[in-house]
1. Dimensions of segment 57-176 along principal axes (Cα, Å, largest first)?
2. Pairs of lysine in segment 40-146 with Cα under 20 Å and at least 8 positions apart or on different chains: total?
3. Go through segment 363-374 residue by residue and turn each phi into a ³J(HN,Hα) via Karplus (6.51, -1.76, 1.60, θ = phi - 60°); whole Hz please, and just put x for glycine and proline.
4. Hey, with R₀ at 25 Å, roughly what FRET efficiency would K106 and S55 work out to, going by the Cβ-Cβ distance, to 0.05?
5. Output the direction-averaged projected area (hull surface divided by four) of the convex hull of the alpha-carbon atoms of segment 51-108, in nm².
6. In whole Hz, what ³J(HN,Hα) sequence does segment 312-319 give by Karplus (6.51, -1.76, 1.60; θ = phi - 60°), x for Gly and Pro?
7. Mind ranking 261-268, 139-146 by how tightly packed they are, going by the mean number of other C-beta atoms within 10 angstrom, highest first?
8. Stretch V16-D47 to full length: gain in nm at 0.36 nm per residue minus the Cα-Cα span?
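Values in this text are rule-based calculations from the coordinates and carry no lab data. Just so it is clear, the model here is predicted, and its values are computed rather than measured. Glycine gets a Cβ as well: all are built from the backbone with ideal geometry, and neighbour counts include every protein chain shown.
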Amino acid sequence: MIEQLIAEATECDFKVALETKKPKSWLKSVSSFSNGIGGTLFFGISDDRKPISLSDVQKDAEAISRLIKERITPLPQFILKPLQEDGKNLLALEVSPGRGTPYYYKADGVMEAYIRVGNESVIAPDYIVNELILKGTNQSFDTLTTDAVKKDYSFTLLEATYLERTGLRFEPSDYVSFGLTDKNGLLTNAGKLMTDQHTFYNSRMFCTRWNGLEKGSIFDDALDDKEYDIYSIRSMRRNPVIADLFHRMKYMERRGSGLRKIVSETKKLPGYTAAYKPEFSSTATDFRVILKNVNYNMCGASVHDAAHDTSVISKQNLLLEFCADPKSRDEMQAYIDVSSRSHFSKYYLKPLLSSGKLEMMFPDKPKSKNQKYTTVHSK
């Protein structure tokens, strides 16, 4: 039964006995569970999940209730359940996620709010406390009004994108309706983010795809890199105005199926096995996804090593036939259905050029936009 309860708990901590002289050791978990997604504290169980038993369950339950009321503010919602496992008496303290965040531990003139990071309860940094305060007042960062006046900014890209994605014009009244401005024409943080002028600092994300397994010089080793002018949203929806606007433009869903879709789409890739399943991890401050390259063998060799891959050799031969008359790179890629330019270059274009089976029409201008390639016919 205990194993089932532990499995059902989103977050959990274990205490061999109830600490009444040093209650902070477990009350900080009550604070962090209330400030997060809830959790359960098990008393009378060791860290290796073995039941130890409590000497007086009733006395401990009364002490837990009293200490929570005295030292956690505001008072969180919790349920105490007496349990038995192998004849040993235990207590489960179920703490609900709170609506009145932040929930503080208070003692000796100190008030501290805690959050969960991994399996630990740690003091919340100031910016997390600010987010918890907004959450507790039913506000979010993107709804807060700024001192920027809408008429001083342009929204050409937003309005054009909205028209393209929805077929509807972005009307002046929509700025208020969608939460981008208040009734006095002042931009909210969400509205300021959508301006053409990019006045919102730290709202861009840079992505680089590296050649090989280690990062090196961006000039020599990076296959490509892009800059994305988007707002970084972590694992939970904390910016409802932005989320609603992106949903209207069909950039994101509301039903929270993104993670499942990532997993299901990855399974469709050629060469996929369970070892390549995406990995997800999150803390109170960030959210991370690791997408593994299904074209890379975990033992260190390329799955699609051209020297041993008959399909690559077959496609090379097709290209040689296709290029009897000069063809552009785009035409060649489309002909053998290879979308990745780096993959095409590595396994098809460079090997054929190096072997002398293919040649450039303009060898003195290898990067010419008019460059074409033709098969070298043996004499």
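1. Its Cα atoms span 69, 38, 25 Å along the three principal axes.
2. Going through segment 40-146 pair by pair, I get 7.
3. x, 6, 10, x, 9, 5, 5, 9, 4, 9, 10, 9
4. Calculated transfer efficiency: 0.30.
5. On the way: hull surface 18.9 nm².
Taking the Cα atoms of segment 51-108, their convex hull projects to 4.7 nm² on average.
6. Result, rounded to whole Hz: 5, 4, 4, 5, 4, 5, 4, 5.
7. Details: 261-268: 11.6, 139-146: 17.0.
Output ranking for 261-268, 139-146: 139-146, 261-268.
8. 10.4 nm
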